[in-house]
1. List every residue pair whose Cβ atoms sit under 6 Å apart, with the two residues 6 or more apart in sequence or on different chains, where the first one lies in segment 27-52 and is not assigned by TED's automatic domain parsing to the domain that holds SER242 and the second, anywhere, is part of a strand (DSSP E or B) and charged (D, E, K, R).
2. Pick out the one residue from LEU197, LEU204, LEU219, LEU234 that is within 21 Å of the chain's Cα centre (by Cα), outside the structural domain of ASN21 (by TED's automatic domain parsing) and more than 29 Å from THR368 (Cβ to Cβ).
3. Return a yes/no flag: does segment 172-185 have any residue that is over 30 Å from ALA279 (Cα atoms) and either assigned by TED's automatic domain parsing to the domain that holds GLN42 or surrounded by fewer than 19 Cβ atoms within 10 Å (Cβ to Cβ) (or both).
4. Within segment 150-157, identify whether any single residue is surrounded by fewer than 20 Cβ atoms within 10 Å (Cβ to Cβ), of a type in the set (D, E, K, R), more than 23 Å from TYR286 (Cα to Cα) and outside the structural domain of VAL294 (by TED's automatic domain parsing), and answer yes or no.
5. Being at pLDDT below 95 and either closer than 14 Å to VAL69 by Cβ or not in a helix (DSSP H, G or I) (or both) is the filter here, so list the residues in segment 86-99 that pass it.
6. Filter segment 7-31 down to the residues that are farther than 17 Å from GLN296 by Cβ, surrounded by fewer than 18 Cβ atoms within 10 Å (Cβ to Cβ) and not charged (D, E, K, R) and list them by number.
7. For segment 80-103, which positions are of a type in the set (Val, Ile, Thr) and closer than 10 Å to LEU139 by Cβ?
Amino acid sequence: MNITFLGPAYPYRGGIAALNNRLAQELIFEGHNVKIETFTLQYPNFLFPGKTQFSEDAKPKNLNITRSVNSINPINWKIVGNKIKKDAPDILIVRYWMPFVAPSLGTISRIVRRNNKTKIIAIVDNFIPHEKRFADKELSKYFSKSVDAFITMSKSVFKEIEDVSVDKPIKYTPHPIYDIYGDTLNKNIAKKSLSLLPEFNYILFFGLIRDYKGLDLLLQAMATQELRKTNIKLIIAGEFYSNREKYEKIIKENKIEENVILFPKFIPDNEVNIYFSAADIVVQPYKTATQSGVTQIAYHFNKPMIVTNVGGLPEIVPNKKCGYVVEQKPAEISNAIIDFYENNRQEEFKPFIELEKEKYEWQKLTETIFNIFDELKK
């Protein structure tokens, strides 16, 4: 089949681009012809909180990527829409993750649909964003009317789309495992690479730092008397997209500077395995959530997780099997960390993690795409 992607891809960085790149490679492996139309301008610089939108990694192999979409230029949307309309792929896969891109992606999709051939399937990460803004629902509704069907990777997003009374197919399939970050390293070698002292145990908070991800709760957990008595240290690896001073103030006020190691940068693909290999367990103390790419990186490296009981996270991490599901309270996070080490849960969780990983194969996502396509053709 001829399949076109519309959304983030290389040279853009981040989990959404990474999934599009990897999914395209999977479809090519399965024998399909794949093109990717990505952005010339994804976000204007004044709307982007990080240092750069671009990856420093090498281009993924065998991908046909064209930078064509300007997110804020309506004339460009018409040009790109007519280009894809003329190409007439069997499927257009549109990646939707925030209302800001609804006008561009929604307009392009509307134009493509006029060829009366291409079926447009949206893979939706967030329908209503974590950090809500004016007109979010209206913009998402505008986008929803431009596509033929939806795939979600969490049940909470499925419900968000369902709640706006979209009379179109919606399918849920779990977020696949990110298997693009290399192999697990020897723990001591990984610690040495990060200049970490080998005698300590390390837990990991990984990814872009935004307020909804609850890093403040984890820092407060690290400040509890129970954790202070241990040899456990916290690695924070990620670029700040929210107020860094807020978190540094918590660290300073609680005098836990020696217990927190900060790597305040975007972690390139070729370094991800170092951080996960150095850590024993990954902590995601989110205040709101849908699915999370971090959980699927953790599964790739066979790492147990501590997640909060929000959104799609409890769906992905079975409690007391692949980690812990806790409430958004520092004491509960602290108790889970202590239980993990005191009761040597790492070996206990290992067979459950291996079994759970089987749910997140890439073929399950591609099967869902083609099942929807067959349904739309009837």
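The values are calculated or read from the model by the stated rules, or taken from the named source; none is laboratory data. Quick caveat, the model's predicted, so the values are computed rather than measured. Neighbour counts are summed over all protein chains in view; Cβ atoms, including those assigned to glycine, are modelled from backbone coordinates with ideal geometry.
1. Short answer, once both residue conditions are applied: THR38/ARG67; THR40/ARG67.
2. LEU204 is the lone residue from the list that is within 21 Å of the chain's Cα centre (by Cα), outside the structural domain of ASN21 (by TED's automatic domain parsing) and more than 29 Å from THR368 (Cβ to Cβ).
3. Checked against the condition, which is being over 30 Å from ALA279 (Cα atoms) and either assigned by TED's automatic domain parsing to the domain that holds GLN42 or surrounded by fewer than 19 Cβ atoms within 10 Å (Cβ to Cβ) (or both), segment 172-185 yields at least one hit.
4. No, because not a single residue in segment 150-157 is surrounded by fewer than 20 Cβ atoms within 10 Å (Cβ to Cβ), of a type in the set (D, E, K, R), more than 23 Å from TYR286 (Cα to Cα) and outside the structural domain of VAL294 (by TED's automatic domain parsing).
5. TRP97, MET98
6. The answer is PRO11, ILE28, PHE29, GLY31.
7. The answer is VAL101, and nothing else.
Yes/no per residue for (1) under 24 Å from ILE297 (Cα atoms); (2) of a type outside the set (Gly, Ala, Ser); (3) out of contact with any helix residue (DSSP H, G or I) (no Cβ under 8 Å at 6 or more places or on another chain):
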| residue | (1), (2), (3) |
| --- | --- |
| THR152 | yes, yes, no |
| LYS155 | yes, yes, no |
| ASP167 | no, yes, yes |
| TYR172 | yes, yes, no |
| HIS175 | yes, yes, no |
| ASP179 | yes, yes, no |
| ASP183 | yes, yes, no |
| ASN188 | yes, yes, yes |
